[in-house]
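A.B. asks: Have a look at this one before I ask anything.
A short reminder: the numbers here are calculations on the coordinates, not readings from a lab. Computed from a predicted model, the values in this text were never measured in an experiment.
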Amino acid sequence: MHRRTQAISGNRLKEYRTTAALAPGGLSGDNQGSDSPLHDRHRDPMDPAQIDCQENTDPPQVQIVSLWRRLGALLYDGILLSALLLLATACLIIPYDLLATRPYPHADWLYRTLLQLYLLAVIAGFYVYFWTHGGQTLGMRSWRVRVVRADGGPLNTGDALRRFAWAALSLLPLGLGLWWCLVDREHLAWHDRASGTRLLLARPKAATRPIKA
């Protein structure tokens, strides 16, 4: 009689544990119940917070920037820089002509060298400013290209100056340093590796739709 009572009590204890395990709260509260299959039924698949969590769990994909996209960005920036250099030259030559009462001596090597250094500083300032403020020049923005450090962080002034200096040297031998990205195993140009920077394909911003109540 005593053994039969123990068997009945044991069966009732098993039934209680089974029922508690299937309950929304589980055996140990809400933490385990949130992972149970029954709790998943109460999740709203159209909840924006849950959709954002699912999208953020996707692994990031780094897309290679092709040579033609690089050249397209350079062409766009070249057109903008041409207008900027004309304006910068006028801002220097016109005041000199008015104050010195004679034309700017372009034939003199010293004045010509100073003018070239001045224009080079304007070009450097153009790239350094945009690379340190968003990582995109206007031409790069049109071609959806962004420059970052090798660790993925934004460029500071030192990074931007270093990239500009190496880019100038990379383009001197008929642009060989730029064409090198066609054979590089990571599709990097010479100035990318030397300056510790990378070009990434910027993803277009997704249009946000208003959520109806």
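A.B. asks: Grab the alpha carbons of the stretch 92-133, take their convex hull, and tell me the volume per residue in Å³. Present the calculation step by step, with values, prior to reporting the outcome.
C.D. replies: Numbers: hull volume 2.7 nm³, N = 42.
In the stretch 92-133, the Cα convex hull volume per residue is 65 Å³.
A.B. asks: Now for a different question. Let's test this: bin the Cα-Cα distances of the stretch 106-166 at 5 Å from zero up to the farthest pair and state each bin's percent.
C.D. replies: Taking all Cα pairs of the stretch 106-166, the binned fractions are 4, 19, 22, 20, 13, 9, 7, 5, 2, 0 percent.
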